[in-house]
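Let me begin by presenting the structure, written as structure tokens, before commenting on it.
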Amino acid sequence: MRNILKIFIVFGIALALTACAPSLHPFYTDDDVVFDEALPGLWIDDSGGTYKFTKSGDNYYELLVMDDEPARFEARLIDLGGVTFLDLYPKPLGKEINLYPGNFAPAHTLARVTIGKDSISIAMMDGGWLKRLSDQNQLDLKHERINDDMIALTAPTRELQAFALKNIDNKEAFGEVEALHRISSGK
């Protein structure tokens, strides 16, 4: 029973992150993926949350969010029209959540990012904004409503990319900017 409780706690944290604007399809194609050597390392946000980016494979990262209940993501930096984004996809942490893949549908989320030498600015696509657009029948992107509280994007990758770029300067589209500060490099 305790393992099931852990599953729901970890899933709840992942859902809180992915509830921003979950998509069944990735926001990238292989041609859009870029790698920035400045990203790997240990980072901290202004409220003390710790994030560890490590290189995983040739062109993506593993992101470990170290909190009371940690979360792990496969993270890809992507370049769309000269704008850098981060596609996040949740990954199980280990055996304690082995029911996760069979009971929950992981989803991609998108963040606009700016990477500096010792700082990263991250703004997640805002799920509340998408819900308001849907409520007003103004969301011109394939989606499903989940329990009337959340929007799950179902459009194909190219349509997701066009939508993100169309709304890149919309202050409501990408939520509050979170600043991360480097603690140590990944080298």
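Taking only the range 162-173 into account, find how many residues are within 15 Å of C20 (Cβ to Cβ), in contact (Cβ under 8 Å) with a residue 40 or more places away in the chain and either touching a strand residue (DSSP E or B) at 6+ places or on another chain (Cβ under 7 Å) or crowded, with 17+ Cβ neighbours inside 10 Å (or both).
Going through the range 162-173 one residue at a time, the tally reaches 2.
Could you list, ordered by first residue, the pairs with Cβ atoms under 7 Å in which the first is in the range 123-147 and closer than 14 Å to P22 by Cβ and the second is of a type in the set (F, W, Y), at least 6 apart or interchain?
Close Cβ pairs (under 7 Å, with a partner that is of a type in the set (F, W, Y)) amount to M124/F174; M125/F174; D126/F174; L141/F163.
Sort out which residues of the range 47-94 are at pLDDT below 90, touching a helix residue (DSSP H, G or I) at 6+ places or on another chain (Cβ under 7 Å) and part of a strand (DSSP E or B), and write them in order of number.
Within the range 47-94, just A71 meets the criteria.
Looking at the range 154-175, can you tell me whether even one residue there is more than 30 Å from A38 (Cα to Cα) and in contact with a Ser or Thr (Cβ under 9 Å, 6 or more places away or on another chain)?
Checking the range 154-175: at least one residue is more than 30 Å from A38 (Cα to Cα) and in contact with a Ser or Thr (Cβ under 9 Å, 6 or more places away or on another chain).
Condition check ((1) exposed (fewer than 15 other Cβ atoms within 10 Å of the Cβ); (2) closer than 28 Å to L42 by Cα) across all residues:
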| position | (1), (2) |
| --- | --- |
| D135 | yes, no |
| T157 | no, no |
| L160 | no, no |
| E176 | yes, yes |
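For the range 40-71: of the residues being under 23 Å from G81 (Cα atoms) and more than 15 Å from the chain's Cα centre (by Cα), which is surrounded by the most Cβ atoms within 10 Å (Cβ to Cβ)?
It comes out as N59.
Could you check, for the range 147-159, whether at least one of its residues is in a loop (DSSP other than H, G, I, E, B) and within 18 Å of F85 (Cβ to Cβ)?
yes
Which one is nearest to G48 (Cα to Cα) among residues in the range 166-187 that are aliphatic (A, V, I, L, M), touching a Phe, Trp or Tyr at 6+ places or on another chain (Cβ under 7 Å) and part of a strand (DSSP E or B)?
L180
Report yes if some residue within the range 21-29 is modelled with pLDDT of 90 or more, among the hydrophobic types (A, V, I, L, M, F, W, C), touching a Ser or Thr at 6+ places or on another chain (Cβ under 8 Å) and assigned to a loop (DSSP other than H, G, I, E, B); otherwise report no.
Quick first cut of the range 21-29, residues modelled with pLDDT of 90 or more only: 22-29.
Next, only the ones that are among the hydrophobic types (A, V, I, L, M, F, W, C) stay: 24, 27.
Applying the additional criterion that residues be touching a Ser or Thr at 6+ places or on another chain (Cβ under 8 Å) yields 24, 27.
Subset that is assigned to a loop (DSSP other than H, G, I, E, B): 24, 27.
Within the range 21-29 (the criterion being modelled with pLDDT of 90 or more, among the hydrophobic types (A, V, I, L, M, F, W, C), touching a Ser or Thr at 6+ places or on another chain (Cβ under 8 Å) and assigned to a loop (DSSP other than H, G, I, E, B)), the answer is yes, since at least one residue qualifies.
Could you look through the range 95-117, keep only residues that are over 18 Å from G175 (Cβ atoms) and surrounded by 13 or more Cβ atoms within 10 Å (Cβ to Cβ), and pick out the one that is modelled with the highest pLDDT?
Taking the candidates together, the pick is I115.
Just the residues that are of a type in the set (A, V, I, L, M, F, W, C), over 15 Å from D79 (Cα atoms) and within 17 Å of the chain's Cα centre (by Cα), please, taken from the range 17-39.
L17, A19, C20, A21, L24
The values are calculated or read from the model by the stated rules, or taken from the named source; none is laboratory data. Fair warning: this is a prediction, and the values are worked out from it, not measured in the lab. Cβ sites come from the backbone with ideal geometry, for glycine too, and all protein chains shown count toward neighbours.
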